[in-house]
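One structure is given here, and the rest of the page talks about it.
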Amino acid sequence: MVARVTLEIALRKEFDYLIPPELAACAAVGTRVKVPFGHRQVMGCITGLIENSAHSQLKPILKIIGTPSLVTAKVMALAKWLGEYYCCAPEQALKSVLPQVVRREQTGWRERLHVRIVSGTPEMPRLTRRQEEIFLVVQQRQQIALRELLQLTGATAATVRKLEDCGLVEIAPVVDERDPYAREQILPSQELPLNTDQARALAAVIAAMDTASGKAFLLHGVTGSGKTEVYLQAIAHALAQRQGAIVLVPEISLTPQTVERFKARFSHGPLQTLVAVLHSHLSDGERHDEWHKIRQGRARIVIGARSAIFAPVEPLGLIIVDEEHEHSYKQEESPRYHARDVAVMRGQMEKAVVVLGSATPSLESYYNAQRGKYGLLELPVRADDKKMPVVRVVDMRGENRKDKGIPIFSQRLKEAIQNRLERREQVILFLNRRGYATSLQCPKCGHVAGCPNCSLSLTYHRREERLRCHLCGHAEPAPRVCPNTACASPTIRFAGVGTEKVEETLRKLFPKAAVTRMDSDTLKRKEDYRRILGDFRRGKIDILIGTQMIAKGLHFPNVTLVGIVHADLALHLPDFRAGERTFQLLTQVAGRAGRGDVEGEVVVQSFTPFHPAIQFARRHDYAGFYEAEMEFRNQLKYPPVTRAALITLKGRNEELVAFTAEHVKKEMEAGLIGAGELILAGPAPAPLPRAETFYRYQLMLRARQMSRLSTRMAELAAKWKLPDDVTLTVDIDPVNLL
Ligand code: ADP
Ligand code: ZN
Ligand code: ZN
């Protein structure tokens with residue numbers, strides 16, 4: 001037998017190796033192997049088994065790593081599709097399906113010395129009092145970690161060794177699992193009786209599971225409509241059929257609160273099972289252990305961020321993608337996959353049902369539901385009978401005061417905050433921009449402090465008196481005079497408000513209120529996020545200011561007012577999804593208000609109050625927004641009416657980049673003839689023309705269908721000879737157009 005192997009050293013090729021007879025039993029598609037390559041030994045993965053190779057003098061596989069094979073045949077097939085569709089090398093696709101820590105050659109289990117009773121000792125030797133005490137403890141427990149025994153009894157390791165010498169106990173290494181949630185106390189939760197909408201929805205999902213249809217559903221439910229309860233009961237059904245489930249949650253919403261809701265239901269009762277969690281804050285060891293629990297079939301439910309879509313759950317009955325519209329499901333490095341789309345594909349391949357849930361579905365998913373590609377399930381009202389919050393839009397153009405400019409807070413928002421403070425209710429203020437001021441400008445000569453590496457202005461951070469680039473991290477001390485040496489005027493003006501400024505202004509306006517800011521500048525340690533939310537929940541904070549970090553999934557019954565400081569921020573981005581993004585963000589943030597007994601209010605401050613994204617969000621009218629937005633997408637042939645691919649060329653020599661981009665366009669025009677009707681736009685400088693010292697040019701390709709096109713494009717790209725210092729990336733179904 002011969003194995004076809006993809007090597008980890010990235011050669012975009014597969015190589016054949018002999019399978020020695022002693023390894024034949026464990027060599028399967030998906031098995032990780034160590035093989036000779038030139039003078040080296042490299043790691044790889046078996047991608048196929050064949051009878052005979054076209055090559056002669058094959059070398060043998062040296063070693064097999066991990067049994068059972070680390071990649072299941074099904075995940076292997078998924079990785080193959082991933083590489084083809086997203087135009088990346090097979091070894092890169094394979095890397096993304098296996099966490100780094102699992103790929104290593106050594107097993108990564110943590111072993112600890114345990115002390116165990118040796119049974120059947122013929123006669124009891126004479127022991128000292130001390131030895132006897134220790135022996136009794138071991139006898140009681142039968143087995144105990146050496147370290148714990150020493151702590152418990154105050155004995156030394158030498159004393160325990162003596163017991164071992166007498167043949168009473170044995171000391172041996174035992175695998176000790178790391179559980180990131182070991183210290184949590186979680187109370188079991190019971191199934192809730194569903195309301196009719198929920199029962200409609202659940203029945204459809206269960207029927208699809210029972211026929212192993214591999215069908216996908218879009219569950220469109222307003223915030224608080226009880227989507228999670230539908231997920232939980234669908235998972236219970238999968239478990240009852242002896243199938244497992246994957247639940248994807250955006251990284252930012254993967255809070256202990258979220259994980260607990262799943263653990264509480266499935267760590268107890270008749271369907272008791274292990275819930276494994278995969279996210280970026282786990283230590284390598286924890287991630288290793290969680291992954292293997294899944295691979296061994298002990299954990300049947302996986303909750304995780306983007307990459308958990310590759311978890312080796314087998315058999316897989318159900319995949320849930322919560323907040324399916326979230327952009328963090330798209331990986332912004334190769335392979336540039338979208339976990340939602342991978343989920344739908346995996347569902348089809350493994351006949352698992354896929355449920356995409358959102359209060360503000362992406363236009364792509366709603367479009368697919370309209371065309372019958374996905375089943376559409378709607379939960380139009382809140383499950384807890386709470387009213388949707390009242391949304392008031394304030395026209396900030398009317399707030400302009402003579403010679404004082406436009407204030408951060410409108411009169412209306414100030415009064416609303418005052419009112420909540422008096423009633424001892426809580427407030428969330430949202431502004432998706434950190435720092436103090438977003439630009440520093442000289443009124444005399446017009447100089448704007450810009451990043452030396454990127455085409456972006458620098459943000460002023462007041463507490464640290466520094467200017468920072470939010471893209472590349474460049475930082476410099478804040479100047480006292482105009483940095484233009486020819487001018488050096490002492491009057492510098494700061495423009496554009498960030499969260500730091502909002503915090504400062506708020507403290508001045510409401511000196512007695514407890515104000516806390518939460519953004520990536522104030523979160524220094526791992527626990528900070530939990531600590532601040534804990535304080536907020538316990539009422540120690542009156543007003544919480546934050547960036548998108550606080551926009552998602554949080555549930556605080558005492559929050560009755562949400563203020564959106566500057567609703568237009570995302571509207572002006574050079575991106576055809578700017579309106580969609582704004583609509584989603586406003587709806588999500590507004591959903592944080594009024595989750596308790598008191599009706600919620602949302603105050604939206606805007607300079608373009610009549611923009612459709614703002615008006616439809618104000619009326620909680622998703623369908624209306626969808627229709628208006630689709631008209632625009634149809635006219636301009638933007639996704640979801642078409643599929644897009646973004647080709648970006650980067651390099652330090654701008655002329656060379658521009659020239660190469662032209663060349664690539666000609667090659668594409670020639671190479672894609674006959675591949676169907678397509679629109680090829682560009683090349684043009686990217687909306688962000690320079691980033692981290694690289695000049696960037698873009699081409700955008702749009703077509704009705706993408707899969708055949710992306711395969712053709714990968715073939716073409718492999719043949720292009722680019723100048724050494726120009727790199728090309730292909731992003732299929734791009735989310736970030738900058
Ligand atoms: P969503 O995920 O759609 O935003 P949640 O699942 O968080 O909504 O549900 C909102 C609230 O409604 C939660 O407190 C949940 O316990 C409650 N809830 C959900 N379903 C029901 C039900 N059938 N009966 C009563 N309360 C429910
Ligand atoms: Zn100046
Ligand atoms: Zn920069």
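Numbers at a glance
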{"quantity": "Average accessible area per residue (Å²) across region 111-175 - probe 1.4 Å, nucleic acids and ligands excluded", "calculated": "66 Å²"}
{"quantity": "Region 111-175: radius of gyration and largest Cα-Cα distance (Dmax), Å", "calculated": "10.8, 32"}
{"quantity": "Count of lysine pairs in region 2-103 with Cα separation under 23 Å (8 or more residues apart, or interchain)", "calculated": "15"}
{"quantity": "Rotationally averaged projected area of region 2-103 (alpha carbon convex hull; nm²)", "calculated": "6.4 nm²"}
{"quantity": "Exposure rank, largest accessible area first [K508, K34; 1.4 Å]", "calculated": "K508, K34"}
{"quantity": "Accessible surface, per residue, of region 195-295 when the full set of protein chains is kept, probe 1.4 Å, Å²", "calculated": "34 Å²"}
{"quantity": "Relative contact order for the chain, counting Cα pairs under 8 Å that sit 6 or more residues apart, in percent", "calculated": "11 percent"}
{"quantity": "Compactness of the chain - radius of gyration and Dmax, Cα, Å", "calculated": "29.5, 98"}
{"quantity": "Whole-Hz couplings from phi, Karplus 6.51/-1.76/1.60, listed for region 459-471; x for Gly and Pro", "calculated": "8, 8, 10, 6, 4, 9, 6, 9, 9, 10, 9, 7, 9"}
{"quantity": "In Å, descending, principal axis extents of the Cα set of region 643-732", "calculated": "36, 25, 16"}
{"quantity": "Whole-percent carbon and sulfur share, accessible surface of the chain, 1.4 Å", "calculated": "50 percent"}
{"quantity": "Accessible area in square angstrom per residue, region 2-103, 1.4 angstrom probe", "calculated": "47 Å²"}
{"quantity": "Beta bridges by DSSP in region 2-103, antiparallel share as percent, to the nearest 5", "calculated": "95 percent"}
{"quantity": "Solvent-accessible ranking of K637, K351, K719, largest area first, probe 1.4 Å", "calculated": "K719, K351, K637"}
{"quantity": "Kirkwood hydrodynamic radius over Cα pairs of region 183-304, then Stokes diffusion coefficient at 20 °C and 1.002 mPa s, in µm²/s", "calculated": "139 µm²/s"}
{"quantity": "Dipole of the chain, positive direction: furthest Cα of G682, I732, W291, with charges on the beta-carbon", "calculated": "G682"}
{"quantity": "Set of aspartates and glutamates near K666 by C-alpha distance (under 16 Å), chain-local residues within fewer than 8 positions excluded", "calculated": "E715"}
{"quantity": "Value of relative contact order over region 283-433, rounded to a whole percent, pairs C-alpha under 8 Å and six or more apart", "calculated": "14 percent"}
{"quantity": "Reachable lysines, given that their alpha-carbon falls under 28 Å from the alpha-carbon of K387 and they are not under 8 places away in the same chain", "calculated": "K227, K414, K540, K552"}
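The values are calculated or read from the model by the stated rules, or taken from the named source; none is laboratory data. Note that this is a predicted model, so its numbers are computed, not measured. Glycine also receives a Cβ, built like all others from the backbone with ideal geometry; neighbour counts cover every protein chain displayed. Surface accessibility is based on the protein's heavy atoms, side chains included, excluding ligands, DNA and RNA. Shrake-Rupley method; radii C 1.70, N 1.55, O 1.52, S 1.80 Å.
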